[in-house]
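The values are calculated or read from the model by the stated rules, or taken from the named source; none is laboratory data. These numbers were taken from a predicted model, which means no experiment stands behind them. Because the Cβ atoms are built from the backbone with ideal geometry, glycine has one as well, and the counts that use them run over all protein chains shown.
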Amino acid sequence: MTASLDLFWIPLGAGGHVVHFNGLVYEAIVARRQHRARRALFHAALVAELPEGRTTIEVGPAWNRIDGSLDHGAVVTGPVGLQPLGRWRWFRYEIRCWPDGVIPDLAYAVGGPQRLTDDESVVRRALGAACEVPILTWGRDELRIGEMWNSNSVIAWILARAGVDPAELRPPGDGRAPGWDAGIAALNPTSR
């Protein structure tokens, strides 16, 4: 094997308290509005392997320095909540495409890696796509599809851009990945 692209489904807020709590509140509100039971929420991340090495792709807050590293693969940043707030690092997210990088909560992934492809050209397209993700406001529905843009949107967009059909991928069990469909819609506006 010289190339691979794996998808990991990490429970939202794994390893932390604030994001986990906010996710529970968010899901309770959405489930009540949709008259359904609450479901587990997931955050998607990718690990790419190529002959030259391993690269992780994940989205996180711009102010969070992983392992104290200043160079952690940030290739794109965008605003959180409202565009004007994005002037401050505390209100920015970043897309990390990090050679030899780490995903802090990877140990919490449910079901282990989901192999998406062994095709080297697809893996390279995914790495290139990470630098081309549209800069939309996290937590907003700027595409007007009824779903907010977030980290799952970014991963779905990267996969679609690389040639992997994200519409075929879903989190484990009865889980949800809020924002997933926004990533698909951002690349394929005619699918809205």
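Structure above, values below:
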{"quantity": "Tally, over segment 152-168, of residues that are surrounded by fewer than 23 Cβ atoms within 10 Å (Cβ to Cβ) and either in contact (Cβ under 8 Å) with a residue 12 or more places away in the chain or over 19 Å from ALA3 (Cβ atoms) (or both)", "calculated": "6"}
{"quantity": "Hits in segment 85-125 (condition: of a type in the set (Gly, Ala, Ser) and at pLDDT below 95)", "calculated": "GLY86, GLY101, ALA107, ALA109, GLY111, GLY112"}
{"quantity": "Residue satisfying condition, being within 22 Å of GLY112 (Cα to Cα), at pLDDT below 85 and β-branched (Val, Ile, Thr), within set VAL19, VAL47, VAL30", "calculated": "VAL19"}
{"quantity": "Positions within segment 126-156 being of a type outside the set (A, V, I, L, M, F, W, C), in contact with a Gly (Cβ under 6 Å, 6 or more places away or on another chain) and not in a loop (DSSP other than H, G, I, E, B), in sequence order", "calculated": "ASN152, SER153"}
